[in-house]
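The values are calculated or read from the model by the stated rules, or taken from the named source; none is laboratory data. Since we're looking at a predicted model, the values are computed, not measured. With ideal geometry, Cβ positions are generated from the backbone for all residues, glycine too; neighbour counts draw on all protein chains shown. Calculation scope for accessible area: heavy atoms of the full protein, side chains included, ligands and nucleic acids excluded. Shrake-Rupley method; radii C 1.70, N 1.55, O 1.52, S 1.80 Å.
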Amino acid sequence: MRTRISNGTIVTPAGRFQADVVCQDGLIAALAEPGRGGPADEVIDASGKLVFPGFIDPHVHSRDPGLTEKEDFAHSTRAAAAGGITTICEMPNAVPPVTDVHVLRDRAAQHSEVASVDFGLWALSLGPENLDQVPRLIEAGAVGVKLFWGYALHRTTRQLVYNLADEPPERLILPPTNGEVFQLFAAVARAGGLLAAHCEDRGVIEACQRSLGHDLERYDDLLAARPDVAEAAAIATGAEFARATGCRFHVVHISSARGVEIVRRSQRAGISISAETCPQYLTLTDEDYDRIGPMMKVYPPVRRAADREGIWQGLLDGTITSVGSDHAPHTVEEKRRSLAAQPAGCIGVETLAPVMLDAMLRGRISAERLAWVCSEGTARLYRLYPRKGAILPGSDADLTIVDPAAEWQIDNARLHSKHNLSPWHGRRGRGRPVLGVLRGRVIMRDGEPVGEPSGRPVRPAEARPADA
Ligand SMILES: [Zn+2]
């Protein structure tokens with residue numbers, strides 16, 4: 001099967017140019033002068049369109065198995081495909097979580113049956129409880145090891161426990177101490193892996209909650225209970241552990257200007273530290289709470305306009321490598337509760353690309369930088385490059401084709417997740433993925449997934465196209 005994507009503008013972090021992309025047997029076979037790609041079984045006219053390397057969302061919680069009343073892998077990956085994503089990395093905190101290689105392999109097999117996009121799998125650290133499994137998980141192909149730093153886990157379900165007072169202590173796997181986290185950094189470093197952490201210092205949060213003295217009522221209460229210093233302190237500690245061990249350390253969903261500043265400073269000092277942010281931190285602030293309401297509750301919280309600006313600066317100057325959605329669905333019923341009572345997290349895998357493309361067309365970010373943070377930079381971070389994240393001969397033929405003139409309005413009723421309450425509901429913008437190509441096959445047309453689910457697992461650094 002030979003497919004030619006004709007007359008589009010190719011966008012890579014290095015620049016834009018007119019070319020035809022010739023795909024054969026799932027790979028990119030060649031780039032050719034416009035109109036000169038030779039005969040093909042299928043020709044897709046991309047005149048007036050931008051052809052990006054397939055977008056990657058490295059931060060998706062599909063809740064599958066175990067919490068499928070909230071979401072499942074079939075729905076989340078259809079939503080991903082609909083939104084122009086061709087690869088996701090699936091977070092490990094389903095039930096059971098990915099804490100050993102048996103679960104990792106089962107999960108890959110299970111998800112392969114329903115996946116609409118390609119996927120990598122995260123592994124979960126339980127601190128000392130599964131420290132011996134960490135090198136095996138990395139060797140078996142986990143894209144990274146995730147530490148929900150400061151969170152306890154339920155001993156039998158191994159679900160994250162947000163409030164330690166909710167459970168008797170004997171039912172909890174307590175959060176690892178900093179000494180135990182330091183050992184984890186050393187273990188991941190020895191295995192050559194990537195350690196990613198949710199960075200909010202639990203001690204700081206507990207102290208701030210205590211001084212708040214009451215339940216969350218207003219949005220300012222949430223910001224007072226989970227201040228930026230909690231994020232900054234955890235990142236600074238992680239940076240020192242990374243410096244001491246040589247571990248590659250990744251800060252997921254960075255939410256504060258202070259946090260960005262510490263990552264930047266640490267990178268300048270030569271520490272192996274990287275960061276991700278999410279569309280919610282780039283487009284929303286506390287001022288949106290009056291309009292959106294408690295359902296915009298996420299951890300870490302969406303903060304103030306100055307934080308949003310600091311994060312944009314970090315995204316543009318290279319401090320932040322990657323944008324992920326932190327797609328973290330809950331049921332509509334759960335997300336309609338009060339600010340205090342509802343769980344943190346919102347859907348986002350389907351709106352990630354449109355929201356970022358709109359920012360591009362408003363001049364906030366260049367197309368080249370977008371190609372980095374939504375594709376190549378992410379692929380390199382997880383060592384999926386150049387199989388993913390590249391429009392090069394030999395790479396997987398994963399493409400996200402964007403109509404920069406298309407106008408959209410996000411509508412909960414038309415999203416593809418199981419529960420659709422988007423904080424961007426009603427938002428209008430410009431620029432939307434209109435065609436998704438996964439390994440040479442069209443998987444999305446005009447925002448609707450097409451064809452049978454054909455996603456496959458991917459793993460780090462088997463990545464060279466030559467041995468695909
Ligand atoms: Zn997350």
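If you rank D57, D220, D132 by how much accessible surface each has, with a 1.4 Å probe, what is the order from largest down?
Largest to smallest exposure gives the sequence D132, D220, D57.
Percent of accessible area on the chain owned by carbon and sulfur, 1.4 Å probe?
Looking at the chain in its full context, I get 47 percent from C and S.
What residue among T321, T87, V252 has its Cα farthest toward the positive end of the dipole of the chain, where the charges are +1 on Lys, Arg and -1 on Asp, Glu, each on the Cβ?
Of the candidates, T321 comes out farthest on the positive side.
Can you send over the solvent-accessible area of M1, 1.4 Å probe, protein chains only, in Å² to the nearest 10?
Roughly 120 Å² of M1 is accessible to a 1.4 Å probe.
If you take every DSSP beta bridge whose two residues both sit in the chain, what share of them, in percent to the nearest 5, is antiparallel?
55 percent
Quote the accessible area belonging to I401 in square angstrom, nearest 10, computed with a 1.4 Å probe and with ligands, DNA and RNA left uncounted.
0 Å²
What value in Å³ per residue do you get for the convex hull of the alpha-carbon atoms in the chain?
Dividing the Cα hull volume of the chain by its residues yields 127 Å³.
Under a 1.4 angstrom probe, counting protein chains only, how are D288, D317 ranked by accessible area, largest first?
So the residues, ranked largest to smallest area, are D317, D288.
Any chance you could give the angle, 0 to 90 degrees and rounded to 10, that helix 101-112 forms with the longest Cα principal axis of the chain?
Compared with the principal axis, the helix lies near 40 degrees.
Based on the Cβ-Cβ distance from H154 to R105, what FRET efficiency comes out when R0 is 22 Å, to the nearest 0.05?
So, using R0 = 22 Å, E works out to roughly 0.40.
Would you mind pulling out the separation of the Cα centroids of region 26-42 and region 253-318, in Å?
Taking the Cα centre of region 253-318 as reference, the centre of region 26-42 is 40 Å away.
Using the structure shown, select from K146/K418; K297/K388; K297/K418 the pairs with a Cα to Cα distance greater than 30 angstrom.
K297/K388
Using the Cα centre of region 98-232 as origin and beta-carbon charges of +1 (Lys, Arg) and -1 (Asp, Glu), tell me which of P168, G144, C199 is placed farthest towards the positive end of the dipole.
Going by the charge dipole, the pick is G144.
Can you tell me the order of 392-399, 375-382 when each peptide is scored by its average per-residue count of other Cβ atoms within 10 angstrom, highest first?
Highest to lowest by the protection proxy: 375-382, 392-399.
Once the piece of chain linking A14 and A341 is laid out straight, how much longer is it, given 0.36 nm per residue of separation minus the C-alpha distance between them?
So the chain would gain 113.1 nm between A14 and A341.
For the chain, what is the calculated [θ] at 222 nm in deg cm²/dmol (nearest 500), taking -39500 (n - 2.57) for each run of four or more DSSP H residues and dividing by its residue count?
Theoretical 222 nm ellipticity from helices: -8000 deg cm²/dmol.
Where the centroid of each part is defined by its Cα atoms, how far is region 323-399 from region 440-457 in Å?
17 Å
Between R291 and R430, how high is the FRET efficiency from 1/(1 + (r/R0)^6) when r is the Cβ-Cβ distance and R₀ = 22 Å? Nearest 0.05.
0.60
Only Lys, Arg, Asp and Glu count, each charged at its Cβ (+1, +1, -1, -1), so figure out the dipole size of region 360-454 about its Cα centre, rounded to 20 debye.
320 debye
Taking only Cα atoms, what is the 0 to 90° angle, nearest 10, from helix 228-245's long axis to the longest principal axis of the chain?
80 degrees
Give the separation of the Cα centroids, region 123-148 to region 176-194, in Å.
Between the Cα centre of region 123-148 and that of region 176-194, the gap is 10 Å.
Could you rank the peptides 430-436, 275-281, 329-335, 159-165 by their average count of other C-beta atoms within 10 Å per residue, with the highest value first?
275-281, 430-436, 329-335, 159-165
Would you please give the FRET efficiency between N163 and R218, computed as 1/(1 + (r/R0)^6) with r the Cβ-Cβ distance and R0 = 30 Å, to the nearest 0.05?
0.95
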